[in-house]
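*Asks:* Here it is: the structure, laid out below.
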């Protein structure tokens with residue numbers, strides 16, 4: 001699946017999604033469960049939507065481990081598709 | 001004026017504005033008058049709004065010459081503030 005620049009910009013134009021991306025970038029892959037983002041103070045359904053958008057543009061990979069859903073930022077893959085874009089978000 | 005990443009992403013998340021940016025990148029500075037963008041088939045007021053948004057994020061500089069308003073893409077300035085972002089738009 002080739003993600004369009006439009007989709008990538010739309011995904012990152014939301015401040016909560018950029019916050020999720022920055023939080024994931026600060027920890028090892030697969031260490032943050034979805035439940036750990038409750039401090040963002042958005043409704044659970046909204047949070048699910050944000051994760052879905054991030055998955056759809058290839059920024060996020062998720063896997064279930066027991067009752068937890070763990071996350072990985074697909075940084076190298078996204079960097080290859082959109083060089084420099086993630087770096088702008090991470091230094092924000 | 002320090003432009004926020006939010007403002008830059010919002011500005012570039014619009015396909016017509018990205019088209020304007022690409023058109024400007026293909027010609028020498030100050031060679032394209034605003035009237036030359038009529039082929040984009042958007043209302044004149046909408047086009048004015050797009051130019052305004054691009055000016056406000058530091059992507060566009062304009063100057064009047066007689067009855068024409070000429071444009072320059074502020075590429076080096078924008079590249080310094082947001083490295084890599086314009087390159088993604090131009091290769092789209």
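The values are calculated or read from the model by the stated rules, or taken from the named source; none is laboratory data. Source: prediction; values computed, not measured. Neighbour counts run over all protein chains shown; Cβ positions are idealised from the backbone, glycine included.
*Asks:* Can you name the condition, by its number, that residue A:33 falls short on among (1) farther than 17 Å from residue A:3 by Cα; (2) more than 13 Å from the chain's Cα centre (by Cα); (3) buried (at least 16 other Cβ atoms within 10 Å of the Cβ)?
*Replies:* For residue A:33, the exception is condition (2).
*Asks:* Would you check if there is a residue in region A:7-17 being touching a helix residue (DSSP H, G or I) at 6+ places or on another chain (Cβ under 8 Å), at pLDDT 95 or above, away from chain B (no Cβ under 14 Å) and closer than 22 Å to residue B:89 by Cβ?
*Replies:* no
*Asks:* Moving on. Going through region B:21-35 one residue at a time, which ones are over 24 Å from residue A:89 (Cβ atoms) and either within 14 Å of chain A (Cβ to nearest Cβ) or in contact with a helix residue (DSSP H, G or I) (Cβ under 8 Å, 6 or more places away or on another chain) (or both)?
*Replies:* The answer is B:23, B:32, B:34.
*Asks:* Filter region A:59-92 down to the residues that are on the phi > 0 side of the Ramachandran plot and within 14 Å of chain B (Cβ to nearest Cβ) and list them by number.
*Replies:* A:84
*Asks:* Within region B:66-90, how many residues turn out to be in contact (Cβ under 8 Å) with a residue 24 or more places away in the chain and outside any helix (DSSP H, G or I)?
*Replies:* 7
*Asks:* Still on this model: Determine if region A:40-58 includes at least one residue that is surrounded by 15 or more Cβ atoms within 10 Å (Cβ to Cβ), assigned to a loop (DSSP other than H, G, I, E, B) and within 14 Å of chain B (Cβ to nearest Cβ).
*Replies:* yes
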